[in-house]
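Just so you know, all these numbers are worked out from the coordinates, no wet-lab data involved. Keep in mind it's a predicted model, so treat the numbers as computed, not measured. Heads up, the Cβs are rebuilt from the backbone with ideal geometry, glycines too, and the neighbour counts pull from every protein chain shown.
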C-alpha cells in the first residue's frame, strides 16, 4: 500500500514549505453515500467536505493529468476538500482550487488522519 510522503514540498518552486505531516488511517473510506467499493480509495466526488485526503491516482486524460500535477495536485499529494457545492473547492498547501465534478471524479483519493498533538 502506498503512503503519502511525510515531507512532500508544496510545489517545485517552494521546496522550503512542506505540507503538514499526516499518517494514513486504517479505517475504510467513508463517504456521504456510505463506504466505497474499493477499501480506502474513492473518487474525490464521494468524499465529505472537511476531509483531508491523499491523491492516489489521476484517472484522466494525459493533458489533464499534466495540468493537475502543474497545479500541485499530483499523486501522493495531501489535499483537503473544503466545499462540495456546484464545484468542489480543495486546499492544496496554501492555495485553493475549484474543480468541476467531472474533473473531481477522475481524482482517486484515500482519507488520511492527522497526527494528534501530545497533551
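Observations
- Shown for 42, 93, 54: other C-beta atoms within 10 Å of each C-beta, ranked fewest to most, produce the order 93, 54, 42.
- Sequence of 61, 83 once ranked by neighbouring C-beta atoms within 10 Å, starting from the fewest: 61, 83
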